[in-house]
Every structure is written in C-alpha cells, then in structure tokens.
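Enquirer: Input: one structure, supplied below.
The values are calculated or read from the model by the stated rules, or taken from the named source; none is laboratory data. None of these values were measured; they are calculated from a predicted model. So basically every Cβ, Gly included, is an ideal-geometry build from the backbone, and we count neighbours across all protein chains shown. Heads up: the accessible areas ignore ligands, DNA and RNA and are worked out on the full protein's heavy atoms, side chains in. Shrake-Rupley method; radii C 1.70, N 1.55, O 1.52, S 1.80 Å.
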Amino acid sequence: MKTAVLADLHLTDNFDTVKLPALDWALREAKLWKCDHLCCIGDLTAQGSEAQTAEILKRLNACSIPYFSTPGNAELRIYPDGRTADRFDVKPPSDVPVILINTAGNEPSQEELAKLAVLPDQAGFLLATHAPPRQWSLSAQEILAQTRRRGAVSMVMAGHSHHDEAEILRGLDPDKASGGPPMFAVLERQKNGMWTRNDIVMPGVDPSEWSAGERESFRRDLGFTTMWESVAALEFAARHQVRNVELRMGTDEYSGDLVRAIGKWRNCGGDLLSLHLPDLKLSRDDGALQYYIELALKLGCGRVTLHVPRVTSAGFAQVREQLLDKFGRILRPLLDHHIMIGIENLHTKAGENTFETRNFGCTIEECRQWILLLREKFSSDLIGFHLDIGHCRNNAPISGRENLSDWYCAMGGLVNGWHLHQVAYHDGKFTNHTPLTGWYDKLISLGGLFMALRAGQLNHAPMFLESRTWEGNRQAFLKLNGLLK
C-alpha cells in the first residue's frame with residue numbers, strides 16, 4: 001500500500017501564485033507513483049478562508065486518488081470555531097492502517113489520544129498529524145511512546161516545521177520549505193508492518209537544475225549593498241566582477257578613495273550603481289534627502305532605492321497630495337537625468353501592526369497604489385517597485401494572508417530591484433537583515449522566487465544582498481555565487 005503525504009501549502013486567496021502549480025504537480029506525481037491514497041496533514045490553506053478551503057477540496061476531490069486528511073493550525077486562523085477546519089477532518093477507510101491525530105490546536109485532545117489506546121498491538125499503523133509530537137505535552141508524548149513500544153504505531157509523519165527530519169516533511173510551500181524545493185513523501189507499508197519513505201521533490205526549481213544560461217543570468221543580477229563600508233565593498237566587487245552594487249553610506253564616506261573605487265569597479269565590468277536614499281517625510285528637514293539626491297547625480301548612479309513615505313496607513317489619504325508634491329520638488333532631478341527609482345516596501349513592527357499605527361506601504365495594495373500614483377503624476381515608468389523579501393516575510397499579521405508568492409504574483413511586473421536577506425527568530429522575536437546562507441533557509445526559502453521567475457511573473461532586476469553588515473553581505477555573496485557555478 002502506497003500513501004502520498006501532503007503538507008503545508010499555505011494557499012492564500014490569490015490562486016494565480018505558484019502555490020497551486022506545486023499542489024497540482026504533487027497530485028500528478030502521486031498518480032505516477034500509483035499511490036493508493038492521499039494523506040493531507042494540515043496547513044494546505046494559509047488561513048482557512050472559505051475560498052481557500054473550497055479550492056483545495058475541489059482539487060483533492062477531482063483527483064482520482066481517494067484522500068483522507070486532518071487540519072493544521074492555519075485552518076483555524078480566520079475561523080477559530082473550526083467551521084472550515086472541520087471540512088479537512090476526513091477519516092481514512094477502516095481497512096487502511098493510518099490513524100489521523102488532529103493537532104490543529106498544536107496539542108492533541110484527550111479524545112484524539114484515545115484513538116491510540118484502541119489500536120491493536122503490532123498493528124504497525126502510520127500516525128499522521130500536523131504538529132510534530134516533540135511539540136506535544138510530555139504526557140501526550142508518553143502516550144504515543146507507549147503506543148509505539150507495543151508496535152501499534154510503527155511510523156509517524158508530521159508537518160508544521162517546514163523542514164525535513166526523519167518523521168517530518170518540509171512540505172509544498174515554495175516560500176517556506178527549508179532544505180529544498182517543494183516536496184511530498186510516498187510512504188509504502190511493508191509486509192512486516194514497517195513503512196518506507198520516498199521523498200518526491202519538485203523538479204526544475206533548484207538552480208542546479210537550470211541551464212547554464214539561466215544560472216548565469218541570475219548570477220549577473222546578484223549584487224549587494226555596501227552597508228557603510230563602500231570602498232571595501234567596491235574593491236571586492238571589482239575583484240569578483242559584480243555588476244550591481246547599492247551604496248548604503250554615510251555623509252562622511254564621500255571621498256577621493258570612493259570615487260576611485262567606483263572607477264575601478266566600472267573598469268572591471270561594474271554596470272549598475274544604486275544609492276539607498278533617506279526616507280520621504282512631511283517634516284521640513286529635507287537636508288539629508290537633498291544631499292543624497294545630489295550625491296546620486298554626482299556619482300553617476302543608474303538608480304536609487306527609496307522607502308514608501310513615512311506616514312501611517314490611516315493618515316496617508318489625508319496627506320497624499322502633499323507627499324506627491326514633495327516627491328516632485330525633491331526627486332524630480334533624478335527622473336530628469338533618467339535615474340530609476342525603486343520604491344521599497346516596509347513591514348509591521350511590534351505594537352505597530354494596525355491600520356492606525358503601522359506605516360503605510362506594508363501591504364501589496366498600498367505599495368501598488370503609491371507607485372501607480374507616482375507613475376501617473378510624473379508620467380514616468382522609471383518609477384518601479386523595490387521588493388524587500390524580508391520585509392514581506394516579517395510582516396505579521398499581514399504576512400499570513402500575503403505570502404511572498406502573493407507579492408511576486410501581484411507586483412512582479414513593477415519590480416525594478418530587490419533586497420534579499422534572511423529573517424531570524426530568536427527568543428520570541430523576528431529580526432530582519434541576517435545573511436542568506438542558501439536558497440532554502442529558514443524562515444525564507446527562495447523556491448517561490450525561482451518558480452515565479454521561471455513562470456514569467458517577475459521582471460529580471462538587480463538583486464542586492466542586504467544583511468546588516470558588509471561582512472554579512474560578502475559571505476552571502478560568496479556562498480550564493482558558489483551555488484550558481
């Protein structure tokens with residue numbers, strides 16, 4: 001008996017992202033593997049909305065392979081009463097040696113744990129659940145351990161953690177699956193009651209499988225931000241023939257050494273020089289912004305990066321015209337010199353995540369609105385979107401409904417630049433601007449980016465590694481550049 005185990009797709013209400021192709025691939029592969037059943041172990045939706053639930057169930061029901069399932073915690077996000085999560089509570093047939101334990105609330109209830117007590121000794125069941133047993137209470141873990149000691153359960157399979165272990169799947173979400181591209185597992189029960197596992201990984205996602213031309217194109221886009229060590233970073237860029245460099249520099253960094261370093265970099269193949277500007281605000285103190293705009297002109301920059309305006313989402317409509325006028329007064333010289341402007345998204349912060357308190361530009365619609373207003377006001381397509389993937393990811397609660405794939409799909413045609421960095425989680429806090437160490441790190445995986453690029457949803461644009469320090473960017477560049485060879 002073969003059972004395909006699917007987990008953690010996190011489908012949002014945007015069905016045009018690369019997530020449904022990942023699910024469709026898994027269903028096709030399950031047929032090719034001649035699986036007898038599909039076993040879905042939670043978080044196939046991002047929030048458990050009516051639309052997400054209906055779409056997933058429609059595709060499962062349309063598949064010729066019968067399925068059974070249990071919900072995950074994501075299915076409770078919109079409806080904590082379980083009205084949509086309950087639709088994923090589908091029991092396996094009585095003759096199938098699979099036991100589903102509902103851990104949508106992370107801890108299995110006593111009623112769920114009671115299912116284990118009635119399993120016959122040496123029955124060799126597969127226990128399928130969402131939350132890994134190591135996250136259960138000690139008492140619940142002991143009940144499972146007793147069940148395993150008497151052979152009633154011989155295999156456990158869980159999701160939720162988005163990485164691979166012996167009894168955990170990283171899942172189907174191309175934005176979160178760490179360790180590799182989207183995947184599912186085929187479990188086959190042997191005559192002795194034990195189970196074997198085959199991991200089925202989505203092909204064509206990893207750059208190692210791309211053509212040499214595709215890898216070279218991505219490598220040519222990959223650059224970094226100098227992070228207040230501009231001369232050292234430019235000298236490194238010259239040695240390694242890095243085409244794209246973004247200056248993040250202080251007012252005291254402009255010097256003859258900087259000018260010479262830029263010249264040397266350009267002579268070694270340097271192509272696009274960008275400058276990160278201070279924020280556009282309604283305050284009267286515009287000296288810093290004026291200084292950096294003049295610096296961009298002086299240094300011959302081809303583009304600049306500018307955050308969305310520093311104003312609350314609730315207050316934006318009231319000051320919109322003032323912001324547009326100020327943008328024109330201060331930044332118009334850049335457009336007159338054909339310098340591209342990338343508008344960068346922001347993210348929520350602890351205690352500032354409501355419409356009234358958070359900054360404008362944390363949502364897809366707000367970023368799109370501001371960019372289109374600027375394009376219309378100044379009749380210029382030099383203004384585009386600078387997509388910071390870390391800001392998209394560390395953006396709760398918005399990130400729950402607008403995943404990275406949603407940003408790629410909705411904003412990809414406006415993209416003219418990127419910030420790439422990782423988000424770390426320590427002691428209950430998320431921290432932006434830590435270095436990427438690979439394509440499929442935790443908490444950000446670039447599988448969705450690769451899929452969206454290959455699906456034509458994204459413009460090719462300069463990508464700047466943006467960790468907190470130049471050394472972090474240097475290490476990240478060497479690591480990722482090596483993976484592309």
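Enquirer: Normalise the Debye intensity by I(0) for the stretch 130-177, one equal point scatterer per Cα, no solvent, then take log10 at q = 0.18, 0.22 Å⁻¹ and round to two decimals.
Expert: Taken in order of the listed q values, log10 I(q)/I(0) reads -0.59, -0.79.
Enquirer: From the backbone phi of the stretch 231-236, what are the Karplus-calculated ³J(HN,Hα) couplings (6.51 cos²θ - 1.76 cosθ + 1.60, θ = phi - 60°) in whole Hz, Gly and Pro given as x?
Expert: 5, 4, 5, 5, 5, 5
Enquirer: Run the helix sum for the chain: -39,500 (n - 2.57) per DSSP H stretch of 4+ residues, divided by residue count, reported at 222 nm to the nearest 500 deg cm²/dmol.
Expert: The per-residue figure over the chain is -10500 deg cm²/dmol.
Enquirer: If each residue of separation counts as 0.36 nm, what is the full-extension length gain between Asn481 and Asp427 once their alpha-carbon separation is subtracted?
Expert: Contour length minus Cα-Cα distance gives 16.3 nm.
Enquirer: Next question, about the same structure. In a Debye calculation with equal point scatterers on the alpha-carbon sites of the stretch 256-368 and no solvent, what is log10 I(q)/I(0) at q = 0.15 Å⁻¹?
Expert: Calculated log10 I(q)/I(0) at the listed q: -0.73.
Enquirer: Please list 323-336, 110-123, 266-279, 171-184 highest first by mean number of surrounding beta-carbon atoms within 10 Å per residue.
Expert: Descending mean neighbour count gives 171-184, 266-279, 323-336, 110-123.
Enquirer: Compute the separation of the alpha-carbon centres of the stretch 104-183 and the stretch 336-370 and state it in Å as a whole number.
Expert: About 40 Å separates the Cα centre of the stretch 104-183 from the one of the stretch 336-370.
Enquirer: With a cut-off of 8 Å between alpha carbons and a minimum separation of six or more residues, what is the relative contact order of the stretch 234-348 in percent?
Expert: 25 percent
Enquirer: Would you give the gap between the C-alpha center of the stretch 277-310 and the C-alpha center of the stretch 1-36, rounded to a whole Å?
Expert: Between the Cα centres of the stretch 277-310 and the stretch 1-36 lies a distance of 46 Å.
Enquirer: Can you say what percent of the DSSP beta bridges in the stretch 364-480, counting only those with both residues inside, are antiparallel? Round to 5.
Expert: 40 percent
Enquirer: The chain: D in µm²/s via Stokes-Einstein (Kirkwood Rh, Cα pairs, 37 °C, 0.692 mPa s)?
Expert: Value of D from the Cα-based Kirkwood radius: 135 µm²/s.
Enquirer: Moving on. What number results when the radius of gyration of the stretch 131-276, computed over Cα atoms, is divided by 2.2 N^0.38 Å?
Expert: Rg over 2.2 N^0.38 Å, computed on Cα atoms: 1.74.
Enquirer: Next question. How do the peptides 126-132, 370-376 rank, highest first, by the average count of neighbouring beta carbon atoms within 10 Å per residue? Show your work: numbers first, answer last.
Expert: Values: 126-132: 24.1, 370-376: 17.1.
Going by the mean number of other Cβ atoms within 10 Å, highest first, we get 126-132, 370-376.
Enquirer: Taking a label point 7 Å from the Cα of Ala166 along the Cα→Cβ vector, which residues of the stretch 114-131 have an amide N closer than 18 Å to it?
Expert: Taking a point 7 Å out along Cα→Cβ of Ala166, the residues of the stretch 114-131 whose backbone N falls under 18 Å are 124-129.
Enquirer: Would you mind checking the pairs Lys349/Lys377; Lys115/Lys191; Lys2/Lys191; Lys264/Lys298; Lys19/Lys442 and listing those with alpha carbons more than 21 angstrom apart? If you can, show how the numbers build up before the last one.
Expert: On the way: Lys349/Lys377 31 Å; Lys115/Lys191 23 Å; Lys2/Lys191 12 Å; Lys264/Lys298 16 Å; Lys19/Lys442 18 Å.
Those over the limit are Lys349/Lys377; Lys115/Lys191.
Enquirer: Can you give the Rg to Rh ratio of the stretch 1-87, both from alpha-carbon atoms, with Rh computed by the Kirkwood formula?
Expert: 0.96
Enquirer: Output the relative contact order of the chain, whole-number percent, from Cα pairs under 8 angstrom with separation of 6+ residues.
Expert: 13 percent
Enquirer: So what's the gap between the Cα centers of the stretch 459-482 and the stretch 37-91, to the nearest angstrom?
Expert: 38 Å
Enquirer: As a test, work out the antiparallel percent of DSSP beta bridges whose residues both lie in the chain, rounded to the nearest 5.
Expert: Close to 30 percent.
Enquirer: Could you work out the relative contact order of the stretch 132-260? I mean the mean sequence separation of Cα pairs under 8 Å and 6+ apart, divided by the number of residues, in percent. Let's see the in-between values first.
Expert: Working: 150 pairs, mean separation 16.1, N = 129.
It rounds to 12 percent for the stretch 132-260.
Enquirer: So what's the net charge close to Thr363: Lys and Arg +1, Asp and Glu -1, counting the other residues with Cβ under 15 Å from its Cβ?
Expert: That works out to -4.
Enquirer: Helix 50-62 sits at what angle to the longest principal axis of the chain, using alpha carbons and giving 0 to 90 degrees rounded to 10?
Expert: Computed tilt is about 50 degrees.
Enquirer: Taking a probe of 1.4 angstrom, what is the accessible area of Phe430 in Å², to the nearest 10?
Expert: Accessible surface of Phe430 is approximately 100 Å².
Enquirer: Which value, in debye to the nearest 20, describes the size of the charge dipole of the stretch 340-481 about its Cα centre when Lys and Arg Cβ atoms bear +1, Asp and Glu Cβ atoms bear -1, and nothing else is charged?
Expert: 280 debye
Enquirer: To continue, here is another question. Would you be so kind as to identify which of Val5, Val90, Ser69 lies farthest towards the positive end of the dipole of the stretch 1-139, taking Lys and Arg as +1 and Asp and Glu as -1 on Cβ and the Cα centre as origin?
Expert: Val5
Enquirer: Calculated FRET efficiency, Ser283 and Val259, Cβ-Cβ r, R0 30 Å, to nearest 0.05?
Expert: Given R0 = 30 Å and the Cβ-Cβ separation, E is 0.45.
Enquirer: What is the percent carbon and sulfur in the accessible area of the chain, measuring with a 1.4 Å probe over the protein chains and ignoring ligands?
Expert: 50 percent
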